[in-house]
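The structure appears right after this line, and notes come after that.
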């Protein structure tokens with residue numbers, strides 16, 4: 001498959017989210033060495049390539065991966081404002097906040113919701129329910145480490 005077809009397929013699956021003003025706002029939030037916007041797209045694209053190879057639900061994996069960090073605040077700044085107990089810190093809580101925001105703006109299926117909520121396993125206690133959720137969990141970790 002030519003490169004342009006790969007990107008066209010990805011953008012067709014992601015278009016409504018990519019163009020949404022709240023998702024665009026993530027361009028202003030830093031995520032390690034990139035913006036949160038760039039990070040989310042990279043995770044979604046890489047996860048989609050894996051899903052395609054193994055005939056999994058590409059649409060759900062792209063949408064869930066794009067929204068996995070949809071918490072809509074700069075956690076670098078937010079984390080310095082108030083001292084919090086360990087389990088109230090960003091790493092443990094942002095998946096739930098991302099899910100709340102995502103379901104407010106978008107209609108999501110159960111697989112997409114599981115991807116968002118469980119992408120921080122094992123920091124979030126419940127393991128992913130779907131293979132697509134496990135893939136996003138792994139891809140997110142690899143992208144973050146790189």
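The values are calculated or read from the model by the stated rules, or taken from the named source; none is laboratory data. Keep in mind that what you see is a predicted model, and the values were worked out from it rather than measured. As a convention, Cβ positions derive from the backbone with ideal geometry for all residues, glycine included, and neighbour counts pool all protein chains shown.
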Out of (1) farther than 27 Å from residue 8 by Cβ; (2) part of a helix (DSSP H, G or I); (3) modelled with pLDDT of 95 or more, the one residue 129 does not meet is (2)
Look at residue 37 and say whether it is without any contact (Cβ under 8 Å) to a residue 40 or more places away in the chain and touching a strand residue (DSSP E or B) at 6+ places or on another chain (Cβ under 9 Å).
yes
Listed residues 140, 114; which is part of a helix (DSSP H, G or I), at pLDDT below 95 and surrounded by 18 or more Cβ atoms within 10 Å (Cβ to Cβ)?
140
